[in-house]
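Accompanying notes for the structure given below.
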Amino acid sequence: MTTLVMFDDERADGWAPFALTRPCGELVFGRWTLRERLERVARMRVAGHVTRPWLRRYAEPGAPRCLDAGGLAAPCTAWNARAVPSLEAAWNDAPANFWVAGELAGVRLGAGAEPPRADWFAAPRPRPGLPDREVPGAWLRYPWDLVSAGPDRLGADLAASSGTEAAALPSGCWRLGDAPIRLGEGARVEPGVLFDAREGPIELGSGVEVRGGTRLGGPLYAGSGSQLLGGDISRFSGGPGSRVRGEVDRVTMLGHSNKAHDGFLGHAYLGSWINLGAATVNSDLKHTYGSIRVGPPGARRDTGLMKFGCLLGDHVKTGVGTRLETGTVVGAGSSLFGAEPPPRWVEPFSWGGGRSPDLHRRGDFLSTAVRVIERRGLEGTPELRNWLGDVWDEARRS
């Protein structure tokens, strides 16, 4: 059996703020993570990620481990995490160079072949002597592509799902539109919920709770155990175990993150274990309606997007009333509070308010992260502390 691995190339290594804390294959795009999508196409599990060295002790529950780039053996298949294969793509075990939209997406090597060397993953090259195979799909170039292309991808994913549609909505709820609505086992929906399926399907995972007074606008996916607590939530993909309330539009949220209060959040991508304080809001449109630039001072890049809100790394916290400006990027582990808006580029593990926050100290960050995780009934294991500690150390070296 061929071993299937995902890898991050040098472009993915620059995907702030997410590349610091996780392999890019563990980012959600549409209904699934990039890794889960590849597994559906390949019909086999990904054995691990080849990624940045400080993530060698990455230990997120349910995700494969990170691998030594020099320790692979053939037969193996290596696939670029930024390449998004079509769900209908054909897959077989014949050795080949894989191409997506004219760019090398990966390679499959047969038994006895020399495995890729460590430097190959940063800048992959076709393997001489192998046939070329075109795989239908697309590329993610920048982290904000996850925002701009996410809702359309979500809609297509949910439309292609084979899940069972709800025979009837719960008592006291309303429906608009004809797209599928799927309710997972044990989902609890109070009276007074509007399912607006005019623009795409709606799927609630197992054990999801929806409070009365919530409008759900498709395409929308809520992972198992999530809570949708009121407001207008549209074109959203999140969970498991996330809590969402307010005006939320075109947002992806990784697991166990909270926006449990009113306020606008739009055209945004949130990592895991985030908590947004009451009345935290973001802007996703400039007063000039111009293109939004993203990045650190002196190195901002034009996204080409008129609407783009924010990217928030794993374990970010905001205080009451925090205002995030258009195109804000907040590094992992930051805790932001105070009357003045934070800068549009916040370095990882920042602490405090205003334009020059202090450092979120290592021990304080780790203690808080474990406390938050254990409040959700999960275990703050030594492996988890080691992974997050390595991430903090790397951020200080950079």
Val193 - would you say it is over 30 Å from Leu229 (Cα atoms), β-branched (Val, Ile, Thr) and out of contact with any helix residue (DSSP H, G or I) (no Cβ under 7 Å at 6 or more places or on another chain)? no
Quick one: count up the residues across the range 38-77 that are at negative phi, in a loop (DSSP other than H, G, I, E, B), open to solvent by 60 Å² or more (accessible area, probe 1.4 Å) and out of contact with any helix residue (DSSP H, G or I) (no Cβ under 8 Å at 6 or more places or on another chain). 4
Within the range 237-293, residues being more than 26 Å from Ser367 (Cβ to Cβ), open to solvent by 10 Å² or more (accessible area, probe 1.4 Å) and among the aliphatic types (A, V, I, L, M) number 3
Taking the conditions exactly as written (touching a Lys or Arg at 6+ places or on another chain (Cβ under 8 Å) and either free of Cβ contacts under 8 Å to residues at least 24 places away in the same chain or small (Gly, Ala, Ser) (or both)), does Gly102 satisfy them or not? no
Of the conditions (1) among the aliphatic types (A, V, I, L, M); (2) open to solvent by less than 50 Å² (accessible area, probe 1.4 Å); (3) touching a strand residue (DSSP E or B) at 6+ places or on another chain (Cβ under 6 Å); (4) over 18 Å from Glu36 (Cα atoms), Leu176 satisfies every one except a single condition; which number is it? (2)
Check off (1) buried (at least 18 other Cβ atoms within 10 Å of the Cβ); (2) part of a loop (DSSP other than H, G, I, E, B); (3) over 22 Å from the mean Cα position of the chain (by Cα) for Phe18 and give me the number that stays unchecked. (3)
Any residue in the range 315-328 that's at positive phi: show its pairings with residues that are in a loop (DSSP other than H, G, I, E, B) and basic (Lys, Arg) at Cβ separation under 7 Å, as long as the two are six or more apart or on different chains. Gly327/Arg344
Among the residues of the range 145-158, is any closer than 20 Å to His49 by Cβ, over 23 Å from the mean Cα position of the chain (by Cα) and crowded, with 20+ Cβ neighbours inside 10 Å? no
Would you check if Arg198 is open to solvent by 30 Å² or more (accessible area, probe 1.4 Å) and under 22 Å from Ala332 (Cβ atoms)? no
Filter result for the condition that a residue is closer than 26 Å to Leu27 by Cβ and surrounded by fewer than 18 Cβ atoms within 10 Å (Cβ to Cβ), over Arg362, Arg344: Arg362
Residues of the range 220-266 being over 19 Å from Gly309 (Cβ atoms) and of a type in the set (A, V, I, L, M), in sequence order, are Ala222, Leu228, Leu229
Kindly establish whether Ala369 is aliphatic (A, V, I, L, M), assigned to a helix (DSSP H, G or I), modelled with pLDDT of 95 or more and in contact with a Phe, Trp or Tyr (Cβ under 6 Å, 6 or more places away or on another chain). no
Just need a number here: residues in the range 373-389 that are assigned to a helix (DSSP H, G or I), surrounded by 11 or more Cβ atoms within 10 Å (Cβ to Cβ) and among the charged types (D, E, K, R). 3
How many residues are out of contact with any Phe, Trp or Tyr (no Cβ under 9 Å at 6 or more places or on another chain) and open to solvent by 10 Å² or more (accessible area, probe 1.4 Å) if we restrict to the range 203-233? 12
Residue that is nearest to the chain's Cα centre (by Cα), among those in the range 159-178 that are without any contact (Cβ under 8 Å) to a residue 40 or more places away in the chain and farther than 22 Å from Leu229 by Cα: Ser162
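The values are calculated or read from the model by the stated rules, or taken from the named source; none is laboratory data. As the structure is a computational prediction, the values presented were derived from the model and not from experiment. Heads up, the Cβs are rebuilt from the backbone with ideal geometry, glycines too, and the neighbour counts pull from every protein chain shown. Please note that ligands, DNA and RNA were not included when accessible areas were found on the heavy atoms of the full protein model with its side chains. Shrake-Rupley method; radii C 1.70, N 1.55, O 1.52, S 1.80 Å.
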